[in-house]
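Below is one structure, written out as structure tokens; comments come after it.
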Amino acid sequence: EPEVTQTPSHQVTQMGQEVILRCVPISNHLYFYWYRQILGQKVEFLVSFYNNEISEKSEIFDDQFSVERPDGSNFTLKIRSTKLEDSAMYFCASSVISGANVLTFGAGSRLTVL
Amino acid sequence: AQSVTQLGSHVSVSEGALVLLRCNYSSSVPPYLFWYVQYPNQGLQLLLKYTSAATLVKGINGFEAEFKKSETSFHLTKPSAHMSDAAEYFCAVSDREGFKTIFGAGTRLFVKA
């Protein structure tokens with residue numbers, strides 16, 4: 001069964017460092033998403049991406065965050081200068097269509113900022 | 001703006017008992033509604049979805065949910081809990097464009113032997 005692959009599974013970084021989280025969505029999916037889940041809290045929407053541009057973003061997704069689909073297969077989330085509060089599990093998801101879209105999630109990348 | 005509220009952050013049932021996880025939504029337009037399940041150290045997996053066809057939706061692993069517009073609810077049920085059902089369950093809502101799916105805070109289900 002096709003799956004969404006995320007790397008790294010766990011990254012530890014120092015505050016102020018740049019981090020890039022990588023995702024390989026399902027190959028025939030057209031819509032891509034990043035969510036985050038701070039430990040013990042809800043799953044929060046960060047951004048959606050379609051046709052090589054951001055479709056929608058939340059208030060969490062400020063100028064420190066950016067997304068890119070550099071090569072037609074990878075979908076990356078970059079955090080320019082990490083803060084302690086960026087520590088969370090980051091989930092990538094993809095879907096075939098929007099609307100009644102069923103999101104297929106990756107297993108997540110755990111980011112720990114020290 | 002759309003939102004979902006899940007009543008009860010933790011629910012504990014005995015094996016074989018009825019499972020009822022509550023979800024209420026808020027949406028200015030007819031929504032799409034979903035239930036996802038998250039097992040430890042895994043991503044979220046779809047249990048079932050409502051897309052304005054039948055109001056009673058059947059999902060995987062014996063779960064079902066009923067859309068009640070008058071109550072703005074989409075509660076998840078399973079007649080008989082199994083130990084393997086222990087997980088975190090998330091209710092979610094999406095608008096027709098679907099660029100943003102909003103998740104509830106989650107309900108952790110514990111199943112006692």
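A short reminder: the numbers here are calculations on the coordinates, not readings from a lab. Note that the coordinates shown come from a computational prediction; the quantities given were computed from them, not determined experimentally. Cβ atoms come from the backbone with ideal geometry, glycine included; neighbour counts cover every protein chain shown.
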**OP:** Using Cα positions and a limit of under 19 Å, work out the aspartates and glutamates in reach of residue A:57, with same-chain residues fewer than 8 apart set aside.
**Re:** A:44, A:68, A:85, A:86, B:95, B:97
Original post:
When Lys and Arg each count +1 and Asp and Glu each count -1, what net charge do the other residues less than 10 Å away from residue B:78, Cβ to Cβ, add up to?
Top reply: -2
Original post:
Cα-based Rg of chain B per 2.2 N^0.38 Å, rounded to two decimals?
Top reply: 1.01
Original post:
Mind checking Rg over Rh on the range B:1-66, alpha carbons, Kirkwood formula for Rh?
Top reply: 0.97
**OP:** Quick one: which residues, 5 or more positions from residue B:47 or on another chain, have an amide H under 5 Å from its amide H? H modelled 1.01 Å from N in the peptide plane, none for Pro or chain starts.
**Re:** B:35, B:36, B:37
**OP:** Return the long-range amide H neighbours of residue A:15 (sequence gap of 5 or more, or a different chain), with a cut-off of under 5 Å between placed amide H atoms.
**Re:** A:114
**OP:** Take peptide A:103-111, look around each residue's Cβ out to 10 angstrom, count Cβ atoms belonging to other protein chains, and average those counts.
**Re:** 4
Original post:
Which whole number gives the average, over all residues in B:88-94, of C-beta atoms from other chains lying within 10 Å of the residue C-beta?
Top reply: 2
Subject >> Calculated P(r) of the protein assembly as shown - Cα pairs past 29 Å, % >> reply: 27 percent
